[in-house]
Amino acid sequence: MQEVRNAVDQAAREVTTRFDFKNTDSTIELNDHEIRLHSATEDRLRALSQVVEEKLVRRKVSLKALDHGKVEEAAKGAVRQTITVKAGISADNARAINRLIKDKAPKGVSSSTQGDQVRVQAKKRDDLQAAI
């Protein structure tokens, strides 16, 4: 999340200095695991999203961790979008991974969900490698 915060700060600084974002009231905010984009038009919003993604890629944050929300209308014809940063494994994906391991893995391999992680255990290292 520190790298995400740094990337959002860099993108916000770039938006304030770029000529094509002048007088568009474009803003970027980071709240917990959400990045909120706000701009005057939809094409400026797409450009804003592109700037954020570019900064995230430079900081080695995968774009697969982003979940783009729907573009919403805001006051005075402006538009906004929320991008959620996914961290860890969701409960549904964890259950699917556990089920797959129990079905396909060699005998003696067990898996469990601990928070947002899946823990795989086995007595033999070879069985653990096969499961992974």
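The values are calculated or read from the model by the stated rules, or taken from the named source; none is laboratory data. Since the model is a prediction, treat every value here as computed from it, not as a measurement. Methodologically, a virtual Cβ is constructed for each residue, glycine included, from the backbone with ideal geometry; neighbour enumeration extends over all protein chains shown. In case anyone asks, the SASA skips ligands and DNA or RNA and just uses the protein heavy atoms, side chains included. Shrake-Rupley method; radii C 1.70, N 1.55, O 1.52, S 1.80 Å.
Remarks
- Candidates 64, 86, filtered to the one that is in contact (Cβ under 8 Å) with a residue 40 or more places away in the chain and not polar (S, T, N, Q): 86
- Any hit, region 21-41, residues being in a helix (DSSP H, G or I) and either loosely packed, with under 15 Cβ neighbours inside 10 Å or touching a strand residue (DSSP E or B) at 6+ places or on another chain (Cβ under 6 Å) (or both): no
- Count of region 42-64 residues which are open to solvent by less than 60 Å² (accessible area, probe 1.4 Å) and touching a strand residue (DSSP E or B) at 6+ places or on another chain (Cβ under 7 Å): 4
- Subset of region 87-120 that is over 13 Å from residue 131 (Cα atoms) and charged (D, E, K, R) - its residue that is nearest to the chain's Cα centre (by Cα): 116
- Filter pass, residue 62 being more than 30 Å from residue 42 (Cα to Cα) and hydroxyl-bearing (Ser, Thr, Tyr): no
Conditions tested, residue by residue: (1) open to solvent by 60 Å² or more (accessible area, probe 1.4 Å); (2) of a type outside the set (S, T, N, Q); (3) touching an Asp or Glu at 6+ places or on another chain (Cβ under 8 Å); (4) over 30 Å from residue 24 (Cα atoms).
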| site | (1), (2), (3), (4) |
| --- | --- |
| 67 | yes, yes, no, no |
| 81 | no, no, yes, no |
| 93 | yes, no, no, yes |
| 99 | yes, yes, no, yes |
| 117 | yes, no, no, yes |
| 122 | no, yes, no, yes |
